[in-house]
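Participant: Take this structure first; my questions come after.
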Amino acid sequence: MENVIDVTNVDLVKLVKKVYAMSVPVGMGFLHYVEGNLTTEQATSLIDRNNKTVIHMDYIAGRQCKFRVFKENDRLYTMNEWYDHTEDQFRELMAYVGIEV
């Protein structure tokens with residue numbers, strides 16, 4: 001598949017927490033913004049390994065996360081860019097979970 005990165009072996013809880021931490025409130029998100037980081041329990045609740053879309057983070061507590069992980073056969077993938085985040089932010093996120101892009 002083109003334009004995707006294999007994240008099958010990534011710690012998804014760690015990934016979700018970092019996506020949230022690196023995202024900021026945008027627009028009306030300021031009304032729902034919650035300071036601090038996600039707990040492990042909160043991050044785990046955003047992961048559904050039984051669904052084709054394993055992680056779908058749109059706006060979480062006012063933060064514009066715009067990140068997803070999807071399942072194709074027995075592998076997990078994300079896109080090779082991060083909507084409304086910079087290339088540097090995407091590289092930092094991937095490096096944090098052990099993937100060089």
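Participant: How many residues, within segment 22-46, are of a type in the set (D, E, K, R) and either closer than 11 Å to R63 by Cβ or surrounded by 13 or more Cβ atoms within 10 Å (Cβ to Cβ) (or both)?
Facilitator: 1
Participant: From the list T53, T44, which one is at pLDDT 95 or above, within 14 Å of the chain's Cα centre (by Cα) and within 20 Å of Y83 (Cα to Cα)?
Facilitator: Going through T53, T44 in turn, just one is at pLDDT 95 or above, within 14 Å of the chain's Cα centre (by Cα) and within 20 Å of Y83 (Cα to Cα): T53.
The values are calculated or read from the model by the stated rules, or taken from the named source; none is laboratory data. These numbers come from a predicted model, not from an experiment. Backbone-built Cβ (ideal geometry, glycine too); neighbour counts: all protein chains shown.
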